[in-house]
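The values are calculated or read from the model by the stated rules, or taken from the named source; none is laboratory data. Values in this document were obtained by computation on a predicted structure and should not be read as measured data. When we count neighbours, we look across all protein chains shown, and the Cβ atoms used for this are built from the backbone with ideal geometry, even at glycine.
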Amino acid sequence: MIDHEPPYTVLVIDDHPLFRKGAEQLISLDEDFELAGEATNGERGVELTRQLKPDVVLLDLNMQDMDGIAVLKQLKAKEHEPVVIMLTVSNAEDDIIAALRCGADGYLLKDMEPEEILIKLRRAIGGQTVLDESISTLLANVLRNENRSSPLNQIEFTSREKQIVSLIAEGKSNKAIARELGISDGTVKVHVKNVLRKLNLSSRLEAAVWAFEHGYSSGR
C-alpha cells in the first residue's frame, strides 16, 4: 500500500524493447503515474530499484540473465519494498504459484487491455492483490484439486482471524488490514501466519482464493 499522493513512480524491468516502449506509453496515459526508469535486465532492475526507490515495479518473468523470480526475491528483501507486479506472457501454473509464494503483489498477463492494467495498478497501490481473471480461476482450481485446505466446518478461527480472512479475501495487503482494524503490521502478520497454518497453505494469496471460494466477504 502506497501512503503518499500521486504521481506514483513506476519502474519497468523487461528485456523486450517493444514492451518497454509500450509500458512507457501506457504509463503516460494516466497523469497519476510517471515513469521512474527502465531496466533491460534483472541485475540492472535490482540496482535501479535501490537507486530510484519506485512505488511500483512492473517485472517480466522470463529474462535471460536473471529471471523474474530471482529479481522478485531480491526486491522483497530490500528495506524499500515497492509494490511488485509480474507482467508476463506466462500463464503456466508453476510460474504463477512461484511468483505468488515469493511475495508478488500481483500477476498480470501482457495481453490484457491497457486500461485494465491501469485499473489493476491503482488497486495494487491501494493495497489490493491484483490478478488476471484467468489467473484467479486457475489458482482456485489448483487449490481445489490439491485439496490442501481442511473442510470449512473443521477450521476454528478466532473472531479476529475471521476478520483477517475476510479482508484477505478482498485482496487487501497486511498494511491495509492493519490500518482498517487499528492494529500493527506485526500483529496482522501473526494472525496471517496462524490462518495459513490452520488452512495448511503457504501464502496469503492462496488464503485469499480459499476465502473467496468459501464465501468470506466484506460483511464480516
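Test residue 207 against the criterion of being among the aliphatic types (A, V, I, L, M) and more than 19 Å from residue 100 (Cα to Cα), and give yes or no.
Judged against the criteria, residue 207 is not a match.
When the stretch 9-31 is examined, which residues are found to be more than 13 Å from residue 87 (Cβ to Cβ), outside any helix (DSSP H, G or I) and not acidic (Asp, Glu)?
Hits for the stretch 9-31 are 9, 29.
From the list 105, 60, 55, pick out the single residue that is touching a residue at least 60 places away in the same chain (Cβ under 8 Å), touching a helix residue (DSSP H, G or I) at 6+ places or on another chain (Cβ under 6 Å), under 24 Å from residue 33 (Cβ atoms) and surrounded by 18 or more Cβ atoms within 10 Å (Cβ to Cβ).
Result: 105 is the single residue among 105, 60, 55 that is touching a residue at least 60 places away in the same chain (Cβ under 8 Å), touching a helix residue (DSSP H, G or I) at 6+ places or on another chain (Cβ under 6 Å), under 24 Å from residue 33 (Cβ atoms) and surrounded by 18 or more Cβ atoms within 10 Å (Cβ to Cβ).
Looking only at helices (runs of 4 or more DSSP H) that lie completely in the stretch 167-218, which have at least 3 residues being free of Cβ contacts under 8 Å to residues at least 60 places away in the same chain and more than 20 Å from the chain's Cα centre (by Cα)?
Helices (runs of 4 or more DSSP H) meeting the threshold: 185-199.
Return yes or no: is residue 162 of a type in the set (Lys, Arg), in contact (Cβ under 8 Å) with a residue 12 or more places away in the chain and not in a loop (DSSP other than H, G, I, E, B)?
yes
So if I check each of 34, 47, which one is at pLDDT 95 or above and not in a helix (DSSP H, G or I)?
34
Would you check if there is a residue in the stretch 68-80 being over 18 Å from the mean Cα position of the chain (by Cα), in the same structural domain as residue 100 (by TED's automatic domain parsing), charged (D, E, K, R) and modelled with pLDDT under 95?
no
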